[in-house]
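Chemist: Provided herewith is a single structure, encoded as structure tokens, for subsequent inquiry.
The values are calculated or read from the model by the stated rules, or taken from the named source; none is laboratory data. Computed from a prediction, not measured in an experiment: that's the story for all the values here. Glycine gets a Cβ as well: all are built from the backbone with ideal geometry, and neighbour counts include every protein chain shown. All accessible areas refer to the heavy atoms of the entire protein, side chains included, with ligands and DNA or RNA removed. Shrake-Rupley method; radii C 1.70, N 1.55, O 1.52, S 1.80 Å.
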Amino acid sequence: MTVSVTSYGMTDVGRRRDSNEDAFLDDDDLRLYAVADGMGGHAAGEIASSLAIESLASTVKAALAQPIAADVDRAEEVLRDAVSRANRRICESVLGRDEWRGMGTTVVAAILVGDQAVVAHVGDSRAYLMHEGSLTRLTSDHSWVSEQVRMGLLSENDAHRHPMRNIVTRALGNREDVDVEIRRSTARPGDVFLLCSDGLNTMLTDEEIRAALRDHAGDARAACEALVDAANRRGGEDNTTVVVVNVAGGP
Ligand code: CA
């Protein structure tokens, strides 16, 4: 089955930070969507996240001339390779530049092929799917608090506001090889995919995210604005980036 998609993405510096280290991509032609959340001093975080997004887009574009016609196995292979290449590109760009040492970025990326979505991620940026009004996380955070939750040492509620919640256990730019987690999901008419940086999900609960997506069903821009606005009203402690993809019936 073919589906049609409309998307919108936005990023906001928030209320506490001087700079925005997030970057995003929403490309309905490639049906490729991504959010990256950079880290590192001297503007290195901004460089890492924008390098990740640029590298991802150019690799996918070169590999999938006709993304919509591609086969889902091929799309998964291309997406995994694109994330690995982005990682190597960041690692290489640090060589010889001491001021960039230690820079890195998370990435979450989704590509839609027919009625299948392939989601790849490294770090704690998330992908969600809203299907028939209920919200599911498609990614599990590669973070210290999330590992504690999986081991039963911390509750989900405690993890949400934990002082160590910013510590990621996987990122692009740290080492030459990176372990990319991939998940597939079906995209049905009426579904909404959301990609976000942790600035959204540390300020809002999943239920609040669900309510904003439900209230703005079919209008990706309004949904993005409502989510960013809600995160800022809650304190806007971090940069907030959201990409919302609405799935409709095929042409
Ligand atoms: Ca962040």
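Chemist: Share of the chain's accessible area from carbon and sulfur, percent, 1.4 Å?
Modeler: Reported share for carbon and sulfur atoms: 46 percent.
Chemist: If you average the alpha carbon positions of region 151-167 and of region 1-66, how far apart do those two centres end up, in angstrom?
Modeler: Between the Cα centres of region 151-167 and region 1-66 lies a distance of 26 Å.
Chemist: Now, a different point. So how do Met130, Met151 rank on accessible area, 1.4 Å probe, biggest first, that is with the largest at the start?
Modeler: Numbers: Met130 15, Met151 125 Å².
The most accessible residue leads, giving Met151, Met130.
Chemist: With every protein chain kept in place and ligands, DNA and RNA left out, what is the accessible area per residue of region 20-72? Probe 1.4 Å, answer in Å².
Modeler: With the other protein chains kept in place, region 20-72 gives 40 Å² per residue.
Chemist: Oh, and also: Considering the convex hull of the alpha carbon atoms of region 4-248, report its projected area averaged over all viewing directions, in nm², one decimal. Before the final figure, lay out the partial values.
Modeler: On the way: hull surface 48.6 nm².
The number I arrive at for region 4-248 is 12.1 nm².
Chemist: Which trypsin sites (Lys or Arg not before Pro) in region 95-148 sit in a loop by DSSP (not H, G, I, E or B) and have at most 15 other Cβ atoms within 10 Å of their own Cβ? Don't skip to the answer; put the middle values down first.
Modeler: Values: sites: Arg97, Arg101, Arg126, Arg137; in loops: Arg97, Arg101.
When the trypsin sites (Lys or Arg not before Pro) of region 95-148 are filtered for loop state and at most 15 Cβ neighbours within 10 Å, Arg97, Arg101 remain.
Chemist: To continue, here is another question. What figure, in Å² to the nearest 10, do you get for the accessible area of Met10 with a 1.4 Å probe and non-protein molecules left out?
Modeler: In the full protein context, Met10 sits at about 40 Å².
Chemist: Using 0.36 nm per residue of separation minus the Cα-Cα distance, give me the extension gain between Glu176 and Thr205 in nm, one decimal.
Modeler: Extending this stretch completely gives an extra 7.0 nm.
Chemist: Looking only at GluC sites (Glu not before Pro) in DSSP loops with at most 12 other Cβ atoms within 10 Å, what is the longest site-free stretch of the chain?
Modeler: Of all site-free stretches, the longest is 1-131.
Chemist: Please list the radius of gyration and Dmax for region 146-203, considering alpha-carbon atoms only, with Å as the unit.
Modeler: Rg and Dmax of region 146-203, Cα atoms, are 14.8, 39 Å.
Chemist: May I ask you to derive the FRET efficiency for Arg97 and Glu132 from their Cβ-Cβ distance with R0 = 35 Å, giving the value to the nearest 0.05?
Modeler: About 0.10, to the nearest 0.05.
Chemist: Using only C-alpha atoms and all pairs of different ones, pull out the Kirkwood radius for region 1-103 in Å with one decimal.
Modeler: 14.9
Chemist: May I pose another question? Work from the charge dipole of region 4-248 (Cβ charges, +1 for Lys and Arg, -1 for Asp and Glu, about the Cα centre) and give the residue of Val83, Val119, Leu154 farthest towards its positive end.
Modeler: Of the candidates, Leu154 comes out farthest on the positive side.
Chemist: Sticking with this structure for a sec: In region 109-132, whose amide N lies under 17 Å from the spot 7 Å out along Cα-to-Cβ of Asp71? List them in ranges.
Modeler: Flagged as within label range: 113-118.
Chemist: Further question on the same structure: Just to verify a number: what accessible area does Thr106 come out at with the full protein assembly present, 1.4 Å probe, Å² rounded to tens?
Modeler: 0
Chemist: If you don't mind, another one. With +1 on the Cβ of every Lys and Arg and -1 on the Cβ of every Asp and Glu, and nothing else charged, how large is the dipole of the chain about its Cα centre, in debye rounded to the nearest 20?
Modeler: In debye, rounded to 20, the chain gives about 160.
Chemist: With a 1.4 Å probe and all protein chains left in place, how much accessible area per residue does region 123-181 have, in Å²?
Modeler: Accessible area per residue: 54 Å².
Chemist: Report the gain in length on full extension from Glu147 to Thr6: 0.36 nm times residue separation, minus Cα-Cα distance, nm rounded to one decimal.
Modeler: Extending this stretch completely gives an extra 47.3 nm.
Chemist: Between beta-carbons, use under 11 Å as the cut-off and find the net charge around Val245, counting Lys and Arg +1, Asp and Glu -1.
Modeler: Every neighbour counted, the sum reads -3.
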